[in-house]
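The numbers here are math on the coordinates, done by the rules we state, and not lab data. Because the structure is predicted, anything quoted here is derived from the model rather than measured. Note that we place each Cβ from the backbone using ideal geometry, even for glycine, and neighbour counts take in every protein chain shown.
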Amino acid sequence: MISRVVSFTVVFLMATSTSGLLSYNKSTNTTDVLSRTYLRKLDNRYEQKVQWKRQQQLKEVFDISDYGIKFDKCQYIEIFPNDSDLAVSTGKVVTRENTISSIEQFVIFRFCRSGLDSCPNDYEKRILDLNEYLHITVRYRKDEQDNICKLCDEHCEVGDANRYLGVTSSHKNDVDCDSCIDECKLINTMKDHGYIDAINFITCLKIGDDKKEPIYAGPMCGGDQGSKIKISVFQDERCLLLDESKSVEDYITDEEGHAFKLSYNLLKRTHNNNQPIKCTTFDEKDTIGTKEVCTSLYDASTRYEHSQLN
């Protein structure tokens with residue numbers, strides 16, 4: 001397979017090194033070349049194990065309760081399979097002109113120290129598969145939204161313009177009653193206004209057929225240099241084969257055929273740098289703890305980076 005990196009990317013396989021490539025000439029002994037290559041492979045494997053061990057040790061002592069999480073960018077790698085591989089998998093005659101590429105997507109985010117203010121200079125960069133990142137962050141943002149709307153419904157009335165809700169204890173997480181009433185009403189009546197929540201498509205989902213061929217919707221990196229995450233159309237049930245010629249909203253209708261538009265209100269909070277996730281939380285006794293979303297992202301990104309070393 002031949003990979004083409006789209007936009008800016010990072011060192012995806014952390015242990016890859018060109019030092020393992022040896023040039024051969026007549027004066028080089030074949031046995032010596034093989035020995036040196038084998039030793040280099042051993043060195044690389046040893047270095048990978050050392051890096052993984054260091055990460056595990058860091059995890060044991062690394063307290064992330066004083067950190068916050070900021071989305072950096074969403075990136076993807078476009079992969080063009082060999083013509084013969086594609087012909088076998090699709091059963092079609094394939095030429096270079098109609099070769100279909102697949103994509104692998106991942107999110108780069110930051111663990112920032114001290115209330116996010118020092119993030120440009122003091123942070124730990126992390127990488128995670130897009131789907132896993134979304135499932136963790138969407139669950140957190142959905143619970144956050146539901147909690148706010150529940151409190152808003154219980155304690156706010158129309159006209160409470162100067163009233164605020166203390167969402168979590170008294171630690172500066174207040175919500176304006178006036179704004180939450182309007183926002184929660186729009187959320188609850190979304191379908192009545194012709195919208196469907198984009199988070200319904202963070203898992204690859206069939207949305208229809210085109211010329212008897214099934215089409216699917218799923219998440220895709222978008223925006224300027226991967227600054228956003230959108231929902232796009234794909235040709236396969238794993239949402240790897242992107243179809244840029246189609247729009248998801250052309251295929252989303254209700255039973256009577258009325259079209260829906262996508263609401264990105266919740267999904268955009270997973271990649272909005274103006275709404276970072278603060279890892280600090282407090283229980284009823286004001287004891288400091290760490291939010292589950294932060295530990296989940298830290299653990300998942302550690303596993304993901306380790307998997308790229310193998």
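Summary of values
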| item | result |
| --- | --- |
| Ser296-Asp192 pseudo-label distance in nm [points 7 Å out on the Cα-to-Cβ vector] | 3.1 |
| For region 288-293, Karplus couplings with θ = phi - 60° (6.51, -1.76, 1.60), whole Hz, Gly/Pro x | 6, x, 10, 5, 4, 4 |
| Asp178 versus Glu255: modelled label distance in nm, points set 7 Å from Cα along the beta carbon direction | 4.2 |
| Qualifying trypsin sites (Lys or Arg not before Pro) for region 212-299 [loop in DSSP, other Cβ within 10 Å: at most 14] | Lys212, Arg238, Lys285 |
| For region 235-248, Karplus couplings with θ = phi - 60° (6.51, -1.76, 1.60), whole Hz, Gly/Pro x | 9, 9, 6, 9, 6, 10, 9, 6, 10, 6, 7, 10, 10, 4 |
| Modelled FRET efficiency - R0 25 Å, Asn121 with Ser65, Cβ distances, 0.05 increments | 0.80 |
| Nearest-0.05 FRET efficiency for Asp286 and Leu205, computed from C-beta distance (R0 35 Å) | 0.25 |
